[in-house]
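The values are calculated or read from the model by the stated rules, or taken from the named source; none is laboratory data. The structure displayed is predicted, hence computed values, not measured ones. A quick note on method: Cβ atoms are made from the backbone with ideal geometry, for glycine too, and the neighbour counts reach across all protein chains shown.
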Amino acid sequence: MEKKYWRNVFRGPFYIAGEPGTTGTSIASHHYEYGNGTTLGYNCINDNYEVPVSHSHDFHELLCFVGGNPENINDLGAEIRIHLGDEQEEHIITSATVVSIPPELKHGPLKVTAITRPFVFLEVSTTREYGQGAGMSDRSIGQEGNPAQTVHTRRRPSRR
């Protein structure tokens, strides 16, 4: 029997290939896969991880850092340094944190160090398409002017 809301339930398989510094299965929905006007990136970070450039978007973005121990998600088990604004104001994160990035706020570089255990990095953005051509402008610092490149396998999740 076909169910009325089957189009609202997305089952795996999800994206298997993560970025360097991640482990396990990553979920990346940066190309309107879920048809709802938001993008999502889920990674389990288990090693040093870096986004070496400062950039901004024309959409709102949430960067969520959550400890990997389900009994104490506030214990991040890592140190994250993120720079915000034209001033490159540095913030050091060592416990569960959500960084709210309004449109046009420069953010980055972001660097993860001092990892004692894996943690979850979740990115949620209010845009249908994430990346170049989606209101993202890179303002490079370091890396000889090259923007950070995030590679996501593009595969539409199953709609069973």
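Note on the range 32-76: among residues that are of a type in the set (Phe, Trp, Tyr) and touching an Asp or Glu at 6+ places or on another chain (Cβ under 9 Å), the one that is nearest to Val9 (Cα to Cα) is Tyr32.
The residue that is nearest to the chain's Cα centre (by Cα), counting only those in the range 42-53 that are assigned to a strand (DSSP E or B) and either buried (at least 22 other Cβ atoms within 10 Å of the Cβ) or of a type in the set (A, V, I, L, M) (or both), is Asn43. When the residues of the range 59-98 are narrowed to those that are over 22 Å from Thr22 (Cα atoms) and surrounded by 15 or more Cβ atoms within 10 Å (Cβ to Cβ), which ends up modelled with the highest pLDDT? By that ranking, first place goes to Leu84. State yes or no: is Pro52 touching a helix residue (DSSP H, G or I) at 6+ places or on another chain (Cβ under 6 Å) and either charged (D, E, K, R) or over 15 Å from Phe119 (Cβ atoms) (or both)? Yes; evaluated as a whole, the condition is true for this residue.
Ser56 falls short on exactly one of the conditions (1) under 18 Å from the mean Cα position of the chain (by Cα); (2) surrounded by 15 or more Cβ atoms within 10 Å (Cβ to Cβ); (3) at pLDDT 95 or above, and that condition is (3).
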